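Below is one structure, written out as structure tokens, with a few remarks after it.
The values are calculated or read from the model by the stated rules, or taken from the named source; none is laboratory data. Not measured: the values here are computed from a predicted model. Cβ sites come from the backbone with ideal geometry, for glycine too, and all protein chains shown count toward neighbours.
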Amino acid sequence: MDRTVPAPDSAPDGGGGHAGPVTWAVAAQATLHCLTGCAIGEVLGMVIGTAFGWSNLATIVAAVALAFVFGYALTMRGVLKAGLSLRAAFGVALAADTVSIAVMEVLDNATMLVIPGALHAGLDDLLFWSTLALALVVAFVLTTPINRWMIGRGKGHAVVHQYHH
């Protein structure tokens with residue numbers, strides 16, 4: 001079974017940004033990087049919404065918004081260190097992370113919604129924290145193949161790789 005995707009340099013669209021074959025390890029690393037920002041924002045949004053007794057919709061909106069903010073911020077931090085302007089770094093973050101964050105947010109919020117009582121559980125309730133942890137694991141597992149596919153085509157997190165030295 002082939003465990004690699006052709007390098008982006010050999011992709012039909014000529015996309016670049018990642019040298020060598022795209023392994024599951026590369027995809028998992030990219031997903032973990034994205035998940036870090038997502039998780040910070042997601043947890044913060046869920047904690048804020050739960051602490052203030054917000055509705056499910058308001059809590060999810062806060063969690064999603066903060067996931068994008070923190071996800072983009074972590075990517076921008078790395079490419080700003082490579083010397084890009086703030087505007088260029090934001091463009092790289094949008095190209096690198098938007099699909100991955102969006103998929104993760106759909107998956108982890110759907111998980112929170114389908115577990116009865118998870119969003120209404122208090123911050124001192126194991127149900128809240130265990131469901132949130134499960135939601136992040138589900139998001140990681142199901143987003144990794146998407147990131148592998150995108151990196152193999154020079155898209156997604158592959159855009160960031162050219163700035164890492």
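The table below gives the values:
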quantity: The lone exception for L84 - which of (1) in contact with a helix residue (DSSP H, G or I) (Cβ under 8 Å, 6 or more places away or on another chain); (2) of a type in the set (A, V, I, L, M, F, W, C); (3) in a helix (DSSP H, G or I) it fails; calculated: (3)
quantity: Qualifying residue in the stretch 38-50 (condition: modelled with pLDDT under 95, in a helix (DSSP H, G or I) and closer than 18 Å to L94 by Cβ); calculated: yes
quantity: Residue match in the stretch 148-155 (condition: within 15 Å of the chain's Cα centre (by Cα), outside any helix (DSSP H, G or I) and under 26 Å from A25 (Cα atoms)); calculated: yes
quantity: Counted residues, the stretch 73-104 - those being surrounded by fewer than 22 Cβ atoms within 10 Å (Cβ to Cβ), within 29 Å of A121 (Cβ to Cβ) and of a type outside the set (V, I, T); calculated: 3
